[in-house]
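Enquirer: The following block contains the structure, expressed as structure tokens.
The values are calculated or read from the model by the stated rules, or taken from the named source; none is laboratory data. Source: prediction; values computed, not measured. Virtual Cβ from ideal backbone geometry, glycine too; neighbours counted across all protein chains shown.
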Amino acid sequence: MLKNINFLCEIGTEEIPAGYLPSAVEAIQKSLKDQLLDNRIDFDELEVLATPRRLAIMAANLAKSQRAEEAELKGPAAKAAYDGEGKPTKALEGFMKANGVSPENLFNRDTGKGEYVFAVKKLESRQTVEILPGIVEKIVMEIPFPKRMKWSDKSLTFPRPINYFLILFDDRVVPFEIEGIVSSNKTRGHYIQANRMIEISSISEYEDILKKNHVLVNQRERRDFIDRELHAAAEKAHCRLIEDEENLNIVTFLVEYPHVVICEFDRAFLAIPDIALIAEMKEHQKYFALREADGSLSNRFLVVSNNPPTENIKIGNERVIAARFNDASFFYKEDRKVKLIDMVDTLKDVLFHKELGTIFAKVERMEKIADVVAHETGLDAAVLEKVRRAILLCKVDLNTAMVYEFSSLQGKIGRIYALSDGEDGEVADAIEEHYKPRFQGDPLPKSVVSMMVSLAEKIDNIFGSFSVGNIPKGSADPYALRRQANAVVDLLIGGSIDISLRDVLEKIAPQYKNGKDLVEQILDFIMARAKTIFSENGFRYDEIDACLSIGSSNYLELFRRAKSINEFRKNENFSRMLLSFKRMNNIVSGFRKENTDYKLSFKASLLEEKEEKELHEFFDSRKDQISRYIAESSYIALFELLIQGKAIIDGFFDKVLVMDKRIDVRDNRLYLLENILGNFSSLLDFSKISDK
């Protein structure tokens, strides 16, 4: 709780949906902060608390009045402000009248764009209590709830009817009224346990008084209390709580004073897959499931009640879940009448997208993508058959009754059904895991089969969306394609999939409308995500640019290069060597900029200085070794070799003038540098390396 709270506004309501409250808390806090700052009212800290039946807004050490300030106002240009006699023009008079300033408050200043007239105005300092009603009204009117409603004869809208306003500043009621609802110093207790209006004489007593009247108004305190009670109840039942942060956050805003009740259901329901039972408990009832000591699902479960436990509450919740589980049992038995493989043809009747066809058409595209990737990687034929089988089955569970009822089970129930059908374990796992990674930081699929199916699906999602014009613009990304592109890069790197994405896209392009014309656009889109991922791995911006600017789309190799540079750069000699290569590149690219098609030539006999002979000999004698290291991705060995030549490179630049006045000597030296850089043209763009 904040210290020295001297402003409190509680909006008392009927029960607001739990999903509305977290975002409302953030929006109210932002609105209050912005309004106080705009009104020059100082404060220490702000806090917004919420239960289903109240929103409490607090400020600590809120100033009694606005901060005294002087504002500097810009007026007309000086040449337009005064006439030939030095008298104010109509433009200046209008400026003074509009802002309430007199001639003695004026002065001229050169803005860099000419001389202008400015005025200094002392801003009025009003009492905070006069301003607060407007702030509260704006908050009430503008909180961005998903839906609002009208009630009674009022034009005011809110998610649920507002019953009262408690507004205190320095323990005195702030006069406020909206649509006949008048502020006071009274709050309401728990709507069943203490359903009465209670006077608050001091803001410091607010939370304690509500606790005595069965309301924990602080949502963080309420959440922690529920968490402790859930674990205690699980221990009492000799079980282990199935942790569920999402469900915990929801029930926090469903109750004002939580009580945990231990309930149980008929063990016969345990024949249903446990994920279906857990989903039923969570999604429909917000219950918490338990596991036995051996890890199996328990027939006991926990209910977070807004009232003290009674036998009626226990029996009521058990009766509700029994009805739900009877439905789940029916869905499960209906699904199991047919094997997944026998349901594949039903996907031909399910539309994926009006321009991309059915789910079955998507499956066919995914199989072609997987075949291309398999060919590019030399995937074992037996593994490829598993991949094809997994792709064939991976979307079938979308047509099951269980997924129709619980969309969160897609993939998960498919895996269970596949295992029940006798499918290969890796095939079954891929049905669940091909949706991964769902978000940044989500674990990657575990097996090669799952990786391949996941990659095929995400490439199809991106290419398919681009082909029908669903391309992310600005911050809008309704099909989550940026997340899909992140996943593609993560899969290629994390799965050690050594392929050129360009080659894959070009080979699958005929499957999509204008596919060939979209390849570059898709590669650019994925490249932008790759830069973000590389940056999140701690690589420097110039290391990323140097690796990603060479036109390669083999993200596994690009990642390995960036990582090697990043790690090896800690060696000061290597870091300086990189800058030496950048100097080579600057000299050659500067020449080529003016002489694009100029043909350079080389003769060993034109090497005059000892240093240029040593440079030529060092790289010429190691040319094959350098090529082999690059081909084998042996970047550490390559960098160690280059460091050996650092002194030779430094000596060359210290003693040799590349741009000699003699054309043949100049060309010979430029050829030497260009030839050295050519060894690394497919590896790095040295021009991107920063010297900072």
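Enquirer: Which ones in the range 554-607 are surrounded by 13 or more Cβ atoms within 10 Å (Cβ to Cβ) and of a type in the set (F, W, Y)?
Expert: Y555, F559, F568, F574, F581, F591, F602 - these are the residues of the range 554-607 that are surrounded by 13 or more Cβ atoms within 10 Å (Cβ to Cβ) and of a type in the set (F, W, Y).
Enquirer: Then there's this: Testing V338 on (1) touching a Gly at 6+ places or on another chain (Cβ under 9 Å); (2) surrounded by fewer than 19 Cβ atoms within 10 Å (Cβ to Cβ); (3) of a type outside the set (D, E), one condition comes back false. Which one is that?
Expert: (1)
Enquirer: Here is a list of conditions, (1) of a type in the set (F, W, Y); (2) in contact (Cβ under 8 Å) with a residue 40 or more places away in the chain; (3) surrounded by 19 or more Cβ atoms within 10 Å (Cβ to Cβ), and Y435 meets all of them except one; can you say which number that is?
Expert: (2)
Enquirer: Then there's this: Any residue in the range 450-463 that is under 19 Å from T358 (Cα atoms) and either free of Cβ contacts under 8 Å to residues at least 24 places away in the same chain or assigned to a loop (DSSP other than H, G, I, E, B) (or both)?
Expert: Scanning the range 450-463 turns up at least one residue that is under 19 Å from T358 (Cα atoms) and either free of Cβ contacts under 8 Å to residues at least 24 places away in the same chain or assigned to a loop (DSSP other than H, G, I, E, B) (or both).
Enquirer: Look at K186 and say whether it is surrounded by 13 or more Cβ atoms within 10 Å (Cβ to Cβ), farther than 23 Å from N249 by Cβ and free of Cβ contacts under 8 Å to residues at least 24 places away in the same chain.
Expert: Criteria met by K186.
Enquirer: Out of the range 520-553, which residues are crowded, with 22+ Cβ neighbours inside 10 Å, assigned by TED's automatic domain parsing to the domain that holds F463 and of a type in the set (V, I, T)?
Expert: I522, I526
Enquirer: I'm trying to understand the selection: among the residues of the range 565-585, which are in a helix (DSSP H, G or I) and in contact with a Ser or Thr (Cβ under 7 Å, 6 or more places away or on another chain)?
Expert: Hits for the range 565-585 are K582, N585.
Enquirer: Here's another thing I want to ask about it. Being over 30 Å from the mean Cα position of the chain (by Cα) and not in a helix (DSSP H, G or I) is true for just one of K348, K368, K386, K337. Which residue is that?
Expert: K337
Enquirer: The conditions are (1) crowded, with 22+ Cβ neighbours inside 10 Å; (2) free of Cβ contacts under 8 Å to residues at least 40 places away in the same chain; (3) closer than 27 Å to L518 by Cβ, and A370 fails exactly one of them. Which is it?
Expert: (2)
Enquirer: Right, another one. Which residue is surrounded by the fewest Cβ atoms within 10 Å (Cβ to Cβ), if the candidates are limited to the range 99-146 and must be part of a loop (DSSP other than H, G, I, E, B), without any contact (Cβ under 8 Å) to a residue 40 or more places away in the chain and not hydroxyl-bearing (S, T, Y)?
Expert: G112
Enquirer: To continue, here is another question. Within the range 343-351, is there a residue that is under 15 Å from N399 (Cα atoms), touching a strand residue (DSSP E or B) at 6+ places or on another chain (Cβ under 9 Å) and touching a residue at least 24 places away in the same chain (Cβ under 8 Å)?
Expert: Scanning the range 343-351, I find at least one residue that is under 15 Å from N399 (Cα atoms), touching a strand residue (DSSP E or B) at 6+ places or on another chain (Cβ under 9 Å) and touching a residue at least 24 places away in the same chain (Cβ under 8 Å), so the answer is yes.
Enquirer: Here's another thing I want to ask about it. Would you confirm, using the coordinates I've provided, whether F591 is touching a helix residue (DSSP H, G or I) at 6+ places or on another chain (Cβ under 9 Å) and part of a helix (DSSP H, G or I)?
Expert: Yes.
Enquirer: Next question, about the same structure. Can you confirm whether D654 is over 44 Å from the mean Cα position of the chain (by Cα), more than 20 Å from A604 (Cβ to Cβ), exposed (fewer than 13 other Cβ atoms within 10 Å of the Cβ) and not basic (K, R)?
Expert: Yes; evaluated as a whole, the condition is true for this residue.
One line per residue, one yes/no per condition, for (1) modelled with pLDDT of 95 or more; (2) touching a Gly at 6+ places or on another chain (Cβ under 8 Å); (3) farther than 26 Å from L672 by Cα:
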| position | (1), (2), (3) |
| --- | --- |
| D498 | no, no, yes |
| R502 | yes, no, yes |
| K507 | yes, no, yes |
| I544 | no, no, yes |
| E557 | no, no, yes |
| K563 | no, no, yes |
| S575 | no, no, no |
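Enquirer: Has the range 20-35 got any residue that is aromatic (F, W, Y), touching a residue at least 12 places away in the same chain (Cβ under 8 Å), under 20 Å from E177 (Cα atoms) and outside any loop (DSSP other than H, G, I, E, B)? Write out each step before concluding.
Expert: Taking the range 20-35 and keeping what is aromatic (F, W, Y), we get 20.
With the extra rule that they be touching a residue at least 12 places away in the same chain (Cβ under 8 Å), the set shrinks to 20.
Next cut, under 20 Å from E177 (Cα atoms) only: none.
No: zero hits.
Enquirer: Hey, another quick one. Can you tell me which of (1) in contact (Cβ under 8 Å) with a residue 12 or more places away in the chain; (2) part of a helix (DSSP H, G or I); (3) over 27 Å from Q410 (Cβ atoms) is the one N312 doesn't meet?
Expert: (1)
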